[in-house]
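*Asks:* Quick one: structure below, then a few questions.
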Amino acid sequence: MAKLSSINKNERRKKLVKQYADKYAKLKAIADDKNADETERLMARLKMAELPRNANPTRVRNRCSTTGRPRGYYRKFGLCRVELRDLGNKGLIPGLTKSSW
């Protein structure tokens with residue numbers, strides 16, 4: 001089980017990303033537009049820098065939904081490898097079977 005503070009910190013980050021998502025997307029589109037004027041692009045980058053650091057989507061960490069473990073995460077299931085194996089062996093994940101040959 002991951003530290004509760006780490007899990008809560010990640011949840012706060014998700015909330016901030018969601019809050020600033022539209023503003024961040026607009027500024028990013030202007031900053032990445034090659035046809036726009038250089039000063040416009042620079043101003044967009046400066047405005048992006050003024051946003052909270054945790055509003056950047058890359059700061060959100062994928063974590064296991066049951067344990068909060070940050071490593072060995074499978075996006076398809078939203079679980080870490082340990083929980084995936086445990087729940088898979090118990091037959092609690094539909095469509096997942098243990099391989100044997």
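The values are calculated or read from the model by the stated rules, or taken from the named source; none is laboratory data. Please read all numbers here as calculations on a predicted model, not as lab measurements. Here the Cβ is made from the backbone with ideal geometry for all residues, glycine too, and neighbour counts use every protein chain on show.
This table checks each residue for (1) surrounded by 15 or more Cβ atoms within 10 Å (Cβ to Cβ); (2) closer than 30 Å to Leu84 by Cβ; (3) at pLDDT 95 or above.
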residue: Lys15; (1), (2), (3): no, yes, yes
residue: Ala21; (1), (2), (3): no, yes, yes
residue: Ala25; (1), (2), (3): no, no, yes
residue: Val60; (1), (2), (3): yes, yes, yes
residue: Cys64; (1), (2), (3): yes, yes, yes
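*Asks:* Also: Show the residue pairs that are 6+ apart or on different chains and have beta-carbon atoms under 9 Å apart, the first residue being within the range 69-85 and closer than 15 Å to Thr97 by Cα and free of Cβ contacts under 8 Å to residues at least 24 places away in the same chain, the second being part of a strand (DSSP E or B) and aromatic (Phe, Trp, Tyr).
*Replies:* Arg81/Tyr73; Arg81/Tyr74; Leu84/Tyr74
*Asks:* Just checking, how many residues over the range 63-94 are under 13 Å from Met1 (Cβ atoms) and of a type in the set (Gly, Ala, Ser)?
*Replies:* Kept after step one, since they are under 13 Å from Met1 (Cβ atoms), are these residues of the range 63-94: 63-70, 80, 82-83.
Filter once more, keeping what is of a type in the set (Gly, Ala, Ser): 65, 68.
Within the range 63-94, residues that are under 13 Å from Met1 (Cβ atoms) and of a type in the set (Gly, Ala, Ser) number 2.
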